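To start, the structure itself, in structure tokens.
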Amino acid sequence: MTVIDVRFAAPTGGAGPDQDEEWCEVTRHGSTERIRFHDYAAIFAVPGLYERIFHDLLECCSPRVVADLLAEVLPDPGAARVLELGAGNGLVGAELRRIGVRHLAAVDILPEAAAAAERDRPGTYDAYHLMDLTRDDTTPLGTPDVLVTVAALGFGDIPPEAFAAAFRRLRPGGLVAFTIKEEFLGSQDRSGFADLIARTDGLTTLAERRYVHRRTMYGAPLHYVARIARRQPAGPETARR
């Protein structure tokens with residue numbers, strides 16, 4: 001296996017770059033390159049690099065946190081049809097399988113993500129759909145009982161419009177499980193998610209947890225919120241455009 005050396009910049013007197021501008025230097029095969037944390041195509045192309053950066057070094061725990069929270073409120077994980085939005089290389093999918101999910105499909109926009117999931121965790125998903133939900137609202141995805149998205153909201157990776165389009169696929173009475181940076185739920189939010197959630201009728205929170213999603217490149221904690229909510233059982237469309 002190729003040895004991958006990952007180095008972060010030393011802290012300076014400032015607060016450091018914004019979360020979506022963080023980067024590291026990656027050395028392998030004797031060559032070093034700088035990679036932004038949000039350049040997922042480049043990261044997924046290197047086996048093990050995503051786990052090395054975010055889980056080994058930056059202590060990301062979101063996949064396990066949201067799966068464990070979902071397990072607390074989902075009566076029968078094995079019977080639920082689950083759709084994961086922004087599935088990446090299958091880390092969250094593996095956690096969902098761990099809690100007993102048997103029917104699991106994925107959506108992502110990056111071919112590199114689908115290739116990494118097949119390479120690193122083959123068989124995790126029953127189906128992996130490459131699609132842009134802001135442009136394609138017709139591809140059959142079924143009517144999931146649970147919609148899951150982890151650490152992918154708020155930075156343009158999954159815009160509010162894509163999340164709303166996926167939410168419209170969720171069956172009435174179904175559950176939505178997501179994690180998001182706590183600032184993106186506040187009154188000063190500029191990502192659009194606070195407004196989207198405020199405009200979503202009939203969404204009842206069942207469980208919520210504030211936690212440290214991961215560390216920054218300088219070691220500071222990033223606080224996120226994991227939330228499980230139920231879509232209203234019946235009635236008019238709940239996520240208004």
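The values are calculated or read from the model by the stated rules, or taken from the named source; none is laboratory data. On a predicted model such as this, the values are computed, not experimentally measured, just so you know. Cβ coordinates were reconstructed from backbone atoms using ideal geometry, including for glycine residues, and neighbour counts include every protein chain displayed. For the accessible areas, the whole protein counts, side chains as well, though only heavy atoms, and no ligand, DNA or RNA atoms are used. Shrake-Rupley method; radii C 1.70, N 1.55, O 1.52, S 1.80 Å.
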Magnitude of the Cβ-charge dipole (Lys and Arg +1, Asp and Glu -1) of the chain about the Cα centre, nearest 20 debye, reported as 520
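Relative to the Cα centre, what is the charge dipole magnitude of region 87-191, using +1 at the beta carbon of each Lys and Arg, -1 at the beta carbon of each Asp and Glu, and rounding to the nearest 20 debye?
Values: 11 positive and 15 negative charges, 72 e Å.
The calculation lands at about 340 debye.
Can you give the local net charge around Thr205? Use residues other than it whose beta-carbon is closer than 12 angstrom to its beta-carbon, Lys and Arg +1, Asp and Glu -1.
On the way: positive: Arg209, Arg227, Arg230, Arg231; negative: Glu208.
Overall, the nearby charge balance is +3.
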Extend 7 Å from the Cα of Ala71 along its Cα-to-C-beta direction; within region 87-120, residues with backbone N under 20 Å of that point are 90-105
In whole Hz, the Karplus estimates of ³J(HN,Hα) for region 145-152 (6.51, -1.76, 1.60; θ = phi - 60°; x where Gly or Pro) are 7, 9, 10, 10, 9, 10, 6, 10
For region 115-175, the charge dipole (Cβ of Lys, Arg +1; Cβ of Asp, Glu -1; about the Cα centre) points to a positive end, and the Cα of Val148, Ala162, Ala115 closest to that extreme belongs to Val148
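Considering the convex hull of the alpha carbon atoms of the chain, report its projected area averaged over all viewing directions, in nm², one decimal.
Details: hull surface 52.8 nm².
Value for the chain: 13.2 nm².
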The rounded separation in angstrom of the Cα centers of region 159-182 and region 16-62 is 27
Projected onto the charge dipole of region 3-120 (unit charges on the beta-carbon of Lys, Arg, Asp and Glu, signs +1, +1, -1, -1), the Cα from His103, Leu85, Val46 with the largest positive-side position is that of His103
Quick calc, region 54-96, dipole around Cα centre from Cβ unit charges on Lys, Arg (+) and Asp, Glu (-), nearest 20 debye, gives 160
Given a 1.4 Å probe, the accessible area of region 76-172 per residue, as a whole number of Å², is 40
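Applying 1/(1 + (r/R0)^6) with R0 = 45 Å to the Cβ-Cβ distance of Arg171 and Ala41, what FRET efficiency is obtained, to the nearest 0.05? Mind dumping the intermediate values first?
On the way: r = 32 Å, r/R0 = 0.72.
The calculated FRET efficiency here is 0.90.
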